[in-house]
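Participant: If you scroll down you'll find the structure; I have some questions about it.
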Amino acid sequence: MTVAAEGSPPLRVAGARRSPLLQSEAVQGFALISPTFLYALILLVLPILVVIAHSFWTQDYLTIDHTFTLENYRIALTEPIYRDLLWRSLYISLTVSALTVILAYPIAYFISFHGGRHKSLWLFLITIPFWTSYLLRVMSWKVILGYNGVLNSGLIGLGIIHEPSTALLYNSSAVIITLTHAWATFAILPIFVSLEKVDRTLVEAATDLGDGPLRSFLRVTLPLSAPGVISAALIVMIPTVGDYVTPKLVGGKDGVMIANAIQAQFGKASNWPLGAALSVTTMVIVSLMAGATVLVIRAIQRLAR
Amino acid sequence: MLERVQPERTQSDRVMIEIRDVTRSYGAFKALDDASLNIREGEFFSLLGPSGCGKTTLLRMIAGFDTPTSGSIAVDGQPMDGIPANRRPTNMVFQSYAIFPHLNVEQNVAYGLKRLKLQGGEEKRRVEEALAQVSLTGLGKRRATELSGGQRQRVALARALVMRPKVLLLDEPLSALDKKLREQMQVELRRLQQAVGITFVLVTHDQYEALAMSDRIAVMFGGRIAQVASPKEIYQRPVNRQVADFLGGMNFVKAQIVAENGASLVVDTLGFGRVKTDKPKAFVRNGGAATLGIRPERLRVLWDNASAKFEVAGKVVERHYFGEITHLIVEIPGLEKPLSVTETNDFGADDIPVGAPIRLAYDPEALVAMAD
């Protein structure tokens, strides 16, 4: 105690010379992230605040009525058209993320466990589709699924159907197929990373304790790669709810999603407040769904023990 | 009066693991080269050697994680060819312990039992028994990530023992522990093996570990088995310089063979003169030259006027203090390399001045002849 008291005065002088505020680790940290932080603040937080603010106002022909109202939310949540669109968007994004994860897992597993020396080559090959524009990739699905498309002519050529099917394109299934393909890489990569982290001796230990390949996969590999599965599911689910381009191009009238309605409100319909309310509602529901997904996957993980 | 008795043999002579002409090649490289070995039932057997000598490869082949390129392995009389690791009567304690991080201690130990679907609380009973065997009672609910190194090691042991295997394989289980804990675990492992009576096969590069725990040791170098014997014989009667060197310090003295008859060998050496020694079983004569070895602790310092029947005289050139012992380097006229001598410090060996003349007593039986 005495020693500390004797030692402290010179320390205080040194502290006074250089501002203690600038020396604190937190301040230094903030200084380090401030460019990114400001960028995010201006381009992400402010627009969201503007959207949230608009959702409580009313469009009054060409001007905005700034009196607080919940009318937009009433419309967004009770009007059948918006409710249907919202449900469909959720259904499509859930289906897409489930399908993407199910299809991506074996690929990630193969690369991680059997990729050998060529792991990076495999990962490189998987990113190749990203060298072309997303629009082109969607268009190519039109070529595959269309009335005179690859799939129809192929099926006719094989004699399985006799006239082109119209059930392939311009509906929600077409949206699901296109999105599943488009997001595959984003699911493969996180699952691959989490599989890479699974200690191979754990699988050996499971085998040593009597598990065959399937059992050791279900009891060790799968639960330990759950973090990757969760992030893959979220990475796919969250953006696909609000996807706008894909339903516009391959969705037809049965494949319209909530983002198309929001776009219409901000565009043609020129009702920003309603568009804002729809956006906020979607954001909230997506967040809830993301949370629920995490909980469900965790629960499955516990059951697998 | 303490009587000298032969240690009683706890294990039977029944062969538990039979390794016949096993070779494992990776391309041109042979990780294991024509190894043959019998491991007895109830035996604590160690595979000892430097890294890359093939000991782990052999262990993994017994476990079923690796397949011999040629040769065969049988466990309890049953050939193991084509039998996958999960259907072998062996269990393994991994070097990294491989504790499942998403399970707690109890679930880790019960892992292999779950599949057996035991009835009426049998699973719980066996898990608790296994935890008690490794002194982890009461830690069943502890998460795997909250365990210390020693505890992880015990969980790995319990998890394997609970399966009641015919053979327990241990892959350098103590190498990750600190010295004190390692020595404590050596004693505990040995005690546990005696209690459960299961055949233990231990892989280690630590000679003291192997000497302290094993009934028998196989010393391996470069994919070949150099010697299989009891710890005492391996230490006292190594078959060659490589084995002798690996098992701790050894003074090597060049010798000329004078006579060779049956079980004994008469050699002439500079320094030690003419010596008659036991001929090692695996001794292969290579011309007239041989090597004699003597462990540093088998040379004793002769104080004042004390004399011994067999002694050599020389001069201390270096002295190193190690707490309970002192290491002396002694030059003997006629020997090309100075002898190293370890002497306990009870009589003041740590005070012997460098440069002092010194006489050393030895027992000719401690001189062991070996192939070069």
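The values are calculated or read from the model by the stated rules, or taken from the named source; none is laboratory data. Treat the numbers as computed from the prediction; the structure is a model and nothing was measured. Methodologically, a virtual Cβ is constructed for each residue, glycine included, from the backbone with ideal geometry; neighbour enumeration extends over all protein chains shown.
Participant: Within segment B:142-153, can you find the residues that are away from chain A (no Cβ under 14 Å) and touching a strand residue (DSSP E or B) at 6+ places or on another chain (Cβ under 8 Å)?
Facilitator: If the condition is that a residue be away from chain A (no Cβ under 14 Å) and touching a strand residue (DSSP E or B) at 6+ places or on another chain (Cβ under 8 Å), then B:Arg142 is the only one that fits.
Participant: Residues in segment B:173-195: is at least one under 23 Å from A:Leu209 (Cα atoms), within 19 Å of the chain's Cα centre (by Cα), among the aliphatic types (A, V, I, L, M) and not in a helix (DSSP H, G or I)?
Facilitator: Yes, segment B:173-195 has at least one match.
Participant: Let me confirm something: among A:Tyr91, A:Tyr82, which residue is more than 15 Å from A:Val175 (Cβ to Cβ), assigned to a helix (DSSP H, G or I) and in contact (Cβ under 8 Å) with a residue 24 or more places away in the chain?
Facilitator: A:Tyr82
Participant: Looking at segment B:109-126, is at least one residue assigned to a helix (DSSP H, G or I), modelled with pLDDT under 95 and in contact with a strand residue (DSSP E or B) (Cβ under 7 Å, 6 or more places away or on another chain)?
Facilitator: Looking for residues that are assigned to a helix (DSSP H, G or I), modelled with pLDDT under 95 and in contact with a strand residue (DSSP E or B) (Cβ under 7 Å, 6 or more places away or on another chain), one finds none in segment B:109-126, hence no.
Residues are listed down the side, and each one gets a yes or a no for (1) away from every other protein chain (no Cβ under 14 Å); (2) surrounded by 14 or more Cβ atoms within 10 Å (Cβ to Cβ):
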residue: A:Leu136; (1), (2): yes, no
residue: A:Asn148; (1), (2): yes, no
residue: A:Leu151; (1), (2): yes, yes
residue: A:Ile156; (1), (2): yes, yes
residue: A:Trp183; (1), (2): yes, yes
residue: A:Thr201; (1), (2): no, yes
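For every residue, the table says whether it meets (1) under 25 Å from the mean Cα position of the chain (by Cα); (2) within 26 Å of B:Tyr111 (Cα to Cα); (3) within 14 Å of chain A (Cβ to nearest Cβ).
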site: B:Ser46; (1), (2), (3): yes, no, no
site: B:Ala63; (1), (2), (3): yes, yes, yes
site: B:Thr69; (1), (2), (3): no, no, no
site: B:Ile83; (1), (2), (3): no, yes, yes
site: B:Met92; (1), (2), (3): yes, yes, yes
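Participant: Quick check on this structure: which one of B:Val266, B:Val275, B:Val253, B:Val258 is assigned to a strand (DSSP E or B), assigned by TED's automatic domain parsing to the domain that holds B:Lys309 and without any contact (Cβ under 8 Å) to a residue 12 or more places away in the chain?
Facilitator: Within the list B:Val266, B:Val275, B:Val253, B:Val258, the selection yields B:Val266.
Participant: Specify which of the listed residues (B:Glu122, B:Glu128) is acidic (Asp, Glu), more than 14 Å from every other protein chain (Cβ to nearest Cβ) and buried (at least 16 other Cβ atoms within 10 Å of the Cβ).
Facilitator: Going through B:Glu122, B:Glu128 in turn, just one is acidic (Asp, Glu), more than 14 Å from every other protein chain (Cβ to nearest Cβ) and buried (at least 16 other Cβ atoms within 10 Å of the Cβ): B:Glu128.
Participant: Are any residues in segment B:162-216 among the basic types (Lys, Arg) and surrounded by 20 or more Cβ atoms within 10 Å (Cβ to Cβ), and if so, which ones?
Facilitator: Of everything in segment B:162-216, just one residue is among the basic types (Lys, Arg) and surrounded by 20 or more Cβ atoms within 10 Å (Cβ to Cβ), namely B:Arg216.
Participant: So A:Val229 passes all but one of these: (1) aliphatic (A, V, I, L, M); (2) within 14 Å of another protein chain (Cβ to nearest Cβ); (3) more than 16 Å from the chain's Cα centre (by Cα). Which condition number does it fail?
Facilitator: With respect to (1) aliphatic (A, V, I, L, M); (2) within 14 Å of another protein chain (Cβ to nearest Cβ); (3) more than 16 Å from the chain's Cα centre (by Cα), A:Val229 is out only on (3).
Participant: In segment A:203-220, what count of residues is obtained for those that are without any contact (Cβ under 8 Å) to a residue 60 or more places away in the chain and either part of a helix (DSSP H, G or I) or more than 8 Å from chain B (Cβ to nearest Cβ) (or both)?
Facilitator: 12
Participant: Filter segment B:94-117 down to residues that are more than 7 Å from every other protein chain (Cβ to nearest Cβ) and among the aliphatic types (A, V, I, L, M) and give me whichever is farthest from B:Ala156 (Cα to Cα).
Facilitator: Of everything passing the filter in segment B:94-117, B:Leu116 is farthest from B:Ala156 (Cα to Cα).
Yes/no per residue for (1) assigned to a loop (DSSP other than H, G, I, E, B); (2) under 30 Å from A:Pro213 (Cα atoms):
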{"residue": "B:Leu32", "(1), (2)": "no, yes"}
{"residue": "B:Ser36", "(1), (2)": "no, no"}
{"residue": "B:Gly42", "(1), (2)": "yes, no"}
{"residue": "B:Phe45", "(1), (2)": "no, no"}
{"residue": "B:Thr57", "(1), (2)": "no, yes"}
{"residue": "B:Arg60", "(1), (2)": "no, yes"}
{"residue": "B:Thr67", "(1), (2)": "yes, yes"}
{"residue": "B:Gly71", "(1), (2)": "no, yes"}
{"residue": "B:Ala74", "(1), (2)": "no, yes"}
